Amino acid sequence: MKKEALECMGRAKKRGSLPLPLYAFRIPAGFPSPAEDYMEGKLDLNDELVDCEEATFFMRVSGDSMIGAGIMPGGMLVVDRSLEARHGKIVIAVVDGQLTVKRLYDRGGRVQLCSENPKYQPIKISREQDLQIWGVVTSVITRLD
């Protein structure tokens, strides 16, 4: 783990919060069940989505190359710069000055940025290309219309 991540873990988060009701039961996605009126407490989405406040930022998505990972056009990504970009993680990358969100493939000296949509081919990174990883995507927020 990066030093920044270790520094952020366990630290009390001091930011404006907006606690909203959190109910203690899980909502069935199959057949309906009788409603329960048991509120568990309040939930602040910052506590659920942000591990390291100083290294976290949000980005809006355009394009459909990551829909197989649940990243839809117009969705919002939660990105943590303190996390290590490892094989299999979804990352924000800059390739030759161009930003993209892709799944990182890094095995045996071969680096690729892979889409989660069969319409798109992987981006094979050569030694001549400039690749920078800005951060690791930790969550996706998608509004349902």
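Values in this text are rule-based calculations from the coordinates and carry no lab data. All of these numbers come straight from a predicted model, not from anything done at the bench. All Cβ positions, glycine included, derive from the backbone under ideal geometry; neighbour counts span all protein chains shown.
Odds and ends about this structure:
- Here the residues K119, K102, ranked from fewest to most Cβ neighbours within 10 Å of their Cβ, fall in the order K119, K102.
- Counted residue by residue at 0.36 nm each, then reduced by the alpha carbon distance between them, the extension gain from E128 to L144 reaches 1.6 nm.
- Whole-Hz couplings from phi, Karplus 6.51/-1.76/1.60, listed for the stretch 87-92; x for Gly and Pro: 3, x, 7, 8, 10, 9
- Order of L45, L113 - criterion: other Cβ atoms within 10 Å of each residue's Cβ, fewest first: L45, L113
- Remark: V95, V50, V101 ranked as V95, V50, V101, counting other beta-carbon atoms within 10 Å and listing the fewest first.
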